[in-house]
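Working notes, structure below.
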Amino acid sequence: MTQLAAMAGHLIRRLHQVSTQVFLREVQAAGFDLTPVQFAALDALKSNPKIDQGQLAALIAYDRATIGGVVDRLEQKGLVNREISPRDRRAREVSLTDEGLAVHAAMLPVVRRLQADILAPLDDAEREQFMALARKALGGAAA
């Protein structure tokens, strides 16, 4: 075993690579053109309409400095709208368009199905154990 194979950070990075590869392969095969972060943003906006970009970044555990680019791409695809917040004119509220709602609804079953592929070598009990341990390692910040 190499030194890296004994390091949690390396294994987490490799698992992230596998997760991203599976996501992109399955989502593209289903005819969609969204990244995992873009889907996470749609999912967060579905449950939290009209939030500002900073709140969106916090909800999906993404960098505040680069969330604007994610929202830009979603807006270009016609999936979200940005409007100046009536409460704070410096903030931009983001919400799903009708097309964004439709894409989210169509993608959700695909994204749910591909989850098993990410941890394919594990049986059901091991997957549950992995998920519990991952949540614990994140200290409850996985939501």
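The values are calculated or read from the model by the stated rules, or taken from the named source; none is laboratory data. Note that the structure is predicted; figures quoted are calculated from it, not measured. Because the Cβ atoms are built from the backbone with ideal geometry, glycine has one as well, and the counts that use them run over all protein chains shown.
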Problem - Top-ranked residue of the stretch 78-89 - restricted to ones that are of a type in the set (D, E, K, R) and closer than 14 Å to Gly68 by Cα, ranked as modelled with the highest pLDDT - result: Arg82
Fill in the blank from the handout: Inside the stretch 76-99, the number of residues satisfying the requirement of being part of a strand (DSSP E or B) and either in contact with a His (Cβ under 8 Å, 6 or more places away or on another chain) or under 20 Å from Ala40 (Cβ atoms) (or both) is 8
Exercise for the section: Select from the stretch 61-79 the residues that are hydrophobic (A, V, I, L, M, F, W, C) and either surrounded by 17 or more Cβ atoms within 10 Å (Cβ to Cβ) or in contact with an Asp or Glu (Cβ under 7 Å, 6 or more places away or on another chain) (or both) and list them in ascending order. Expected result: Ile67, Val70, Val71, Leu74, Leu79
Exercise for the section: Scan the stretch 86-111 for residues that are among the acidic types (Asp, Glu) and either surrounded by 14 or more Cβ atoms within 10 Å (Cβ to Cβ) or in contact with a Pro (Cβ under 7 Å, 6 or more places away or on another chain) (or both) and jot them down. Expected result: Glu93
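Residue by residue, here is whether (1) among the hydroxyl-bearing types (Ser, Thr, Tyr); (2) surrounded by 12 or more Cβ atoms within 10 Å (Cβ to Cβ); (3) in contact with a Lys or Arg (Cβ under 9 Å, 6 or more places away or on another chain) holds:
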position	(1), (2), (3)
Gly31	no, no, no
Leu34	no, yes, yes
Phe39	no, yes, no
Arg113	no, no, no
Asp123	no, no, no
Problem - helices (runs of 4 or more DSSP H) contained in the stretch 1-61 and holding at least 3 residues within 19 Å of Pro121 (Cα to Cα) and out of contact with any helix residue (DSSP H, G or I) (no Cβ under 7 Å at 6 or more places or on another chain) - result: 8-29
